[in-house]
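Colleague: Please read through the structure below; I'll follow up with questions.
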Amino acid sequence: MPLEGKSVVLREQRREDLPFLQSLQNDMEVQAWSKALPPDYTDVMYAKRYDAREFSYDPEEARFVIVHKETGELIGHISYSDLERRFSAHLGIMTARKFWGTGAAFDAQETMLRFLFCEVGVRVVRLFTHSGIPRAVRLAERAGFQVSAQIRQANIKYGQLNDTLVMDILREEYFARHPELTDALPPLF
Amino acid sequence: MMKSSFQGNRLALRPFEPHDVPALQAYLNHPDLSGRRFIPWAFPDIAPLSQRQVEGIVQRWAEADRSLPLAVIRPDAGQLIGHAECDWHWDPHQPSVQVVIAPDYQRQGHGSEVLELLMRHLLDYTPAHNVSCWIADWNKPALTFCQRHGFRVAGRMRRAGIHQGRYFDLVINDILRTEWKAAHAGE
């Protein structure tokens, strides 16, 4: 069963998704990190990346495609990485421009956070973004992330130097925002 | 004479060699360095390290890609007294630096000399623009060291780990190329 939000589902990547994912990667508006340029990622590269994933019961990352629940349209990609089991994970998200401002990214992010805190059992989730994309910062803040560090002039985008932002949300902060959920995991300290 | 990034007034930086393993194992296992060894992630930062593990660390450093791990040597005595690293794994525009001095050699100015060599290398030979140090909030001497050398606190990566029965944050300290250059103009 995929992870289900209000309007979206997060499901595993499939081979037929690769052209969509490639197009997201090659869209300079969607792609936040200039270090990931140039926008010339090919279908062969994406197929190799897809095929390179090995089966594991102990993965340190997960990659999902965001799908519109009613229409089945592909909306974007959401992942977590650098998982320290039962402790922390890094979140990443990108969505097609067509869906900006529709609430789909927020729904996908909430769905992923619920999975990470309630199923994976982490104590903190963090993400890295930068000051040149306020849309991404607002999206994270809506879910309860706070800017915990601002590394000056550390990123280049649109010809400007931007600050890298370290954003995070602690487990207790997440559950405080979600009174409908009960945290059965006792605090460590 | 041209200034070298690897030769200071009292210290030299060079790659690690297999014969460094005993001295490296000895100081890494010193209780004062517990939790602040600054070794590759795959190796324990607190538990005692075996000779084989330390050999693995040296091997990992020898194979380092997008980072420059170096042994800190006191040439007068031929002694290994620490290790240091520049890391531009994420982006050479914003590398990080780490300096570890063996407890017996701390508070003698060695850390400052090593930091200046690393910064000279990054600023004179790479496109580094912002250089950062990520330090556990409980590591007060290292935080003071950073501030003393002009680094500013950029914030914290909260709940970065667990140490002595509590969560700790990583304090991120950074300095811009222009700031470092201005502070060291005329040197």
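Colleague: Provide B:41, B:61 in ascending order of the number of other Cβ atoms located within 10 Å of each residue's Cβ, fewest first.
Modeller: The most exposed by this proxy come first: B:41, B:61.
Colleague: How much FRET efficiency would the formula 1/(1 + (r/R0)^6) give for residue A:146 and residue B:62, where r is the Cβ-Cβ distance and R0 is 51 Å, rounded to 0.05?
Modeller: That gives a FRET efficiency of 0.80.
Colleague: Compute, for segment B:51-187, the length of the dipole vector about the Cα centre, with Cβ point charges of +1 (Lys, Arg) and -1 (Asp, Glu) only. Units Debye, rounded to 20.
Modeller: 520 debye
Colleague: Based on the Cα gyration tensor of the protein assembly as shown, what are the three equivalent ellipsoid semi-axes, each the root of five times an eigenvalue, rounded to whole Å and given largest first?
Modeller: Over the Cα atoms of the protein assembly as shown, the semi-axes work out to 40, 24, 20 Å.
Colleague: Want the number for residue A:12 to residue A:188: 0.36 nm per residue separation, take away the alpha-carbon distance, what's left?
Modeller: Computed gain between residue A:12 and residue A:188 is 60.1 nm.
Colleague: Among A:160, A:31, A:146, which one shows the highest mean-square fluctuation when chain A is modelled as a Gaussian network with alpha-carbon springs under 10 Å?
Modeller: A:160
Colleague: Still on this structure, please answer the following. Which whole number gives the average count of other chain Cβ atoms within 10 Å of the Cβ atoms across peptide A:49-56?
Modeller: Across the residues of A:49-56, the mean count of other-chain Cβ atoms within 10 Å is 0.
Colleague: State whether segment A:3-177 is rounded, prolate or oblate according to the following rule on the C-alpha gyration tensor (a ≥ b ≥ c being the square roots of its eigenvalues): a/c under 1.5 gives rounded; otherwise a/b larger than b/c gives prolate, and the remaining case gives oblate.
Modeller: Judged from the Cα gyration tensor, segment A:3-177 comes out rounded (a/c under 1.5).
Colleague: Would you mind computing the Rg to Rh ratio of segment A:116-189 from its alpha-carbon coordinates, Kirkwood style for Rh?
Modeller: 1.09
Colleague: What residue among A:161, A:113, A:74 shows peak mean-square fluctuation when chain A is described by a Gaussian network model with Cα springs under 10 Å?
Modeller: A:161
Colleague: Under the rule of at least 5 residues apart or a separate chain, name every residue whose amide H is placed under 5 Å from the amide H of residue B:79.
Modeller: B:74
Colleague: Roughly how big is chain A's charge dipole about its Cα centre, with Cβ charges of +1 (Lys, Arg) and -1 (Asp, Glu), in debye to the nearest 20?
Modeller: 360 debye
Colleague: Determine, for A:41, A:80, B:125, the number of other Cβ atoms within 10 Å of each Cβ, and report the residues in order from fewest to most.
Modeller: B:125, A:41, A:80
Colleague: Another question, if that's okay. Multiplying the sequence separation of residue B:112 and residue B:30 by 0.36 nm and subtracting their Cα-Cα distance, what value in nm do you get?
Modeller: 27.4 nm
Colleague: Holding the Cα-Cα limit at 28 Å, pick out from A:6/A:98; A:157/B:140; A:69/A:157; A:98/A:157 the pairs that are longer than that.
Modeller: Beyond 28 Å: A:157/B:140; A:69/A:157.
Colleague: Work out Dmax and Rg for segment A:1-61 from the C-alpha atoms and quote the Rg first, both in angstrom.
Modeller: 13.8, 36
Colleague: Compute, for the protein assembly as shown, the length of the dipole vector about the Cα centre, with Cβ point charges of +1 (Lys, Arg) and -1 (Asp, Glu) only. Units Debye, rounded to 20.
Modeller: 680 debye
Colleague: Follow-up. Assuming R0 = 35 Å, what is the FRET efficiency of residue B:89 and residue A:180, from their Cβ-Cβ distance, to the nearest 0.05?
Modeller: 0.30
Colleague: At 7 Å along Cα-to-Cβ for each site, give me the label-to-label distance between residue A:71 and residue B:76 in nm.
Modeller: So the label points at residue A:71 and residue B:76 sit 7.4 nm apart.
Colleague: Taking the Cα centre of the protein assembly as shown as the origin and placing charges on Cβ (Lys, Arg +1; Asp, Glu -1), which of A:160, B:180, B:167 is farthest toward the positive end of the dipole?
Modeller: Comparing the listed Cα positions along the dipole, B:180 ranks first.
Colleague: Just grab the label-to-label distance for residue B:126 and residue B:9, each label 7 Å out from Cα along the Cβ direction, in nm (one decimal).
Modeller: Result: 2.6 nm between the two label points.
Colleague: Hey, what do the phi angles of segment B:61-70 turn into as Karplus ³J(HN,Hα) couplings, whole Hz, using 6.51/-1.76/1.60 and θ = phi - 60°, x for Gly and Pro?
Modeller: Per residue, the Karplus-derived 3J(HN,Hα) values read 5, 5, 9, 4, 10, 6, 8, 10, x, 9 Hz.
Colleague: While we're looking at this one, here's another question. What shape does segment B:46-101 take by its C-alpha gyration tensor, where a ≥ b ≥ c are the square roots of the eigenvalues and a/c under 1.5 counts as rounded, a/b above b/c as prolate, and the rest as oblate?
Modeller: oblate
Colleague: Can you figure out the FRET efficiency of residue B:47 with residue A:172, using R₀ = 30 Å and their beta-carbon distance, to the nearest 0.05?
Modeller: 0.55
Colleague: Tell me, what ³J(HN,Hα) does each residue in segment B:145-151 have, in order and in whole Hz, if you take phi through Karplus 6.51 cos²θ - 1.76 cosθ + 1.60 with θ = phi - 60° and put x for Gly and Pro?
Modeller: So the J values, rounded to whole Hz, are 4, 4, 4, 4, 9, x, 6.
Colleague: While we're on this one: Cut-off is 10 Å between beta-carbons; in what order do A:133, B:57 appear when sorted fewest neighbours first?
Modeller: Ranked by crowding around the Cβ, least crowded first: A:133, B:57.
Colleague: Give me a comma-separated list of calculated 3J(HN,Hα) values for segment B:158-168, in order, Karplus coefficients 6.51, -1.76, 1.60 applied at θ = phi - 60°, integers in Hz, x for any Gly or Pro.
Modeller: Residue by residue, segment B:158-168 yields 6, 6, 7, x, 10, 8, 6, x, 7, 5, 10 Hz.
Laboratory data are not the source of any read-out in this text; all were calculated from the coordinates shown. Since the structure is predicted, the reported quantities are computational estimates derived from the model, not experimental observations. Cβ sites come from the backbone with ideal geometry, for glycine too, and all protein chains shown count toward neighbours.
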